[in-house]
Amino acid sequence: MSRIRLPSIDALLADCEDLIHEFGRQQVTRTLRDVVSATREALLNSPDQLAPSGSELIEETRTRLTARQRPSITPVFNLTGTVLHTNLGRAVLPDSAIAAMSVAARSPVNLEYDIAHGSRGDRDDHVEHLLCELTGAEAATVVNNNAAAVLLLLNTIALGKEVVVSRGELVEIGGSFRIPEIMDRAGCRLTEVGATNRTHAQDYRNAINEATALLMKVHTSNYEIRGFTASVPESALVEIAAGHGLPVATDLGSGSLVNLADYGLPPEPVVKDVISGGADLVTFSGDKLLGGPQCGVIVGRRDLLARIKSNPLKRALRVDKIILSALEAVLRLYLNSDQLATTLPTLRALTRSPDDIEKVATRIQPSVAHAVAQTADVRVTACMSQIGSGAMPGDVIESAALAIKPHEAGHRHLARVVDAFRGLPTPVIGRVHDGEFLLDLRTMTDPESFIEQLDKLAL
Ligand SMILES: *Cc1c(COP(=O)(O)O)cnc(C)c1O
């Protein structure tokens with residue numbers, strides 16, 4: 001073992017001044033030790049190999065330290081065809097929201113301070129009036145996400161009591177959010193009514209007793225029940241609840257502040273309509289169709305919101321100044337809904353015409369074809385995008401894609417293409433369909449930098 005002669009850590013450290021300045025002595029020492037011991041081991045396993053020089057060891061140390069320095073959260077090209085992709089961070093924010101976040105990050109702000117009166121304020125004040133104006137609700141609050149909104153609502157309104165929900169609406173979203181489990185954690189008892197495919201008004205009526213605190217409707221956002229189905233419209237539910245002095249809450253999941261049909265998109269429930277339809281409380285996500293930062297919004301009756309806001313759990317679920325700043329900026333865009341399809345990136349992506357997308361596809365096809373020429377063919381094809389994040393499960397929107405098809409059939413060849421695109425400096429995430437790798441260009445916002453990195457494609 002002693003035949004392997006490598007420089008001592010101290011000797012190497014003496015030549016690492018720049019690294020020590022950049023990364024700190026502790027990190028550099030630790031990494032040098034790792035490199036030296038890995039090298040020693042490698043040499044023991046293949047004794048014929050030449051021992052690296054001190055400067056080679058330092059270079060390897062530099063490579064490792066630099067690699068560690070790269071942020072773990074990194075931009076990707078979302079060409080999956082799912083505009084609001086939960087795994088890829090959902091909504092992309094408008095510049096005004098990014099600017100507002102940056103201001104709030106950089107400086108103390110009046111988060112809970114009433115400047116006009118020099119007194120304590122409420123962090124909800126910054127967005128509550130906007131949310132009320134845009135939804136017609138009396139009051140509003142904001143928490144970490146929609147799951148938190150539902151949890152807080154249930155825990156406030158129905159702690160130790162019963163909540164009536166249709167069996168057709170006991171949804172699971174993204175694995176860990178399941179209505180029955182949230183109910184349980186919120187300290188409520190779930191009363192399931194009806195059947196998976198059919199629930200009638202009488203089912204709700206029969207379920208109500210002294211222990212009932214709430215009737216709840218959950219938007220079945222990531223699936224559709226088709227065929228022999230029946231559900232109770234919101235208006236009928238409101239009437240039944242009112243007859244018993246009970247509130248109705250609706251978990252809209254995505255919900256929209258504008259009517260998507262006005263923008264030529266498949267309709268999605270509009271928060272304002274649900275409120276004017278008589279729902280007492282409505283919850284929805286900030287980073288789904290709303291197109292804002294991750295948060296959950298509860299809007300509804302003033303008296304119920306007052307109870308929700310004073311629940312100690314609210315403190316545990318509240319959002320920070322950065323999220324609130326972004327949300328405020330996004331809500332302001334809604335005040336001018338004529339321009340929304342231009343100003344809000346989510347709506348901009350959703351309303352892009354297939355022709356427009358196809359033009360981009362046609363323009364970048366030659367570059368992609370050139371980059372993969374050894375391995376695959378590339379053609380422009382029509383495809384279908386989806387909104388994602390549970391909005392409109394059955395509805396898809398026409399789009400255009402590049403379809404990359406390996407010369408040789410088989411999973412292995414396709415996987416190589418997929419891996420190569422994912423391995424680019426800005427990873428490109430597409431989807432596999434019918435033996436082809438599809439890059440849906442609906443969400444392509446920067447074709448120039450997409451093309452620029454293609455020469456790094458390791459195929
Ligand atoms: C998405 C969704 C949720 C969870 O919302 P998050 O903001 O992801 O916490 C809850 N309920 C429904 C119906 C949803 O669609």
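So here's what we get for this one:
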{"item": "The lone exception for Met183 - which of (1) within 14 Å of the ligand (Cβ to nearest atom); (2) within 30 Å of Leu333 (Cα to Cα) it fails", "result": "(2)"}
{"item": "Unmet requirement for Ser325, which otherwise passes all of (1) in a helix (DSSP H, G or I); (2) polar (S, T, N, Q); (3) in contact with a strand residue (DSSP E or B) (Cβ under 6 Å, 6 or more places away or on another chain)", "result": "(3)"}
{"item": "Residue satisfying all of: in the range 172-182; modelled with pLDDT of 75 or more and more than 13 Å from Leu154 (Cα to Cα); surrounded by the most Cβ atoms within 10 Å (Cβ to Cβ) among these", "result": "Phe177"}
{"item": "Helices (runs of 4 or more DSSP H) wholly inside the range 141-251 that include at least 1 residues being free of Cβ contacts under 8 Å to residues at least 60 places away in the same chain and under 24 Å from the mean Cα position of the chain (by Cα)", "result": "179-185"}
{"item": "Which numbered condition Ala116 fails, given (1) out of contact with any Ser or Thr (no Cβ under 9 Å at 6 or more places or on another chain); (2) more than 30 Å from Glu210 (Cα to Cα); (3) touching a residue at least 60 places away in the same chain (Cβ under 8 Å); (4) not in a helix (DSSP H, G or I)", "result": "(3)"}
{"item": "Output for the range 115-130, where each listed residue is among the hydrophobic types (A, V, I, L, M, F, W, C) and under 23 Å from the mean Cα position of the chain (by Cα)", "result": "Val127, Leu130"}
{"item": "Whichever residue in the range 252-285 is among the acidic types (Asp, Glu) and part of a loop (DSSP other than H, G, I, E, B) and, among such residues, is farthest from the chain's Cα centre (by Cα)", "result": "Asp280"}
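Here is a yes/no grid of residues against (1) closer than 25 Å to Thr426 by Cα; (2) touching a residue at least 12 places away in the same chain (Cβ under 8 Å):
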position	(1), (2)
Gln27	no, yes
Ser37	no, no
Pro52	no, yes
Glu60	yes, yes
Thr66	yes, no
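For (1) more than 30 Å from Gln453 (Cβ to Cβ); (2) charged (D, E, K, R); (3) in contact with a Gly (Cβ under 7 Å, 6 or more places away or on another chain); (4) surrounded by fewer than 15 Cβ atoms within 10 Å (Cβ to Cβ), each residue gets a yes or a no:
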| residue | (1), (2), (3), (4) |
| --- | --- |
| Thr342 | no, no, no, yes |
| Pro345 | no, no, yes, no |
| Arg352 | no, yes, no, no |
| His370 | no, no, no, yes |
| Gly388 | no, no, no, no |
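Yes/no matrix, rows are residues, columns are (1) in a loop (DSSP other than H, G, I, E, B); (2) surrounded by fewer than 22 Cβ atoms within 10 Å (Cβ to Cβ); (3) touching a residue at least 24 places away in the same chain (Cβ under 8 Å):
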| position | (1), (2), (3) |
| --- | --- |
| Gln374 | yes, yes, yes |
| Val378 | no, no, yes |
| Met384 | no, yes, yes |
| Glu398 | no, yes, yes |
| Ile404 | no, no, yes |
| Glu408 | yes, yes, no |
| His413 | no, yes, yes |
| Phe421 | no, no, yes |
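The values are calculated or read from the model by the stated rules, or taken from the named source; none is laboratory data. Here the structure is a predicted model, which is why all the values come from computation and not from measurement. With ideal geometry, Cβ positions are generated from the backbone for all residues, glycine too; neighbour counts draw on all protein chains shown.
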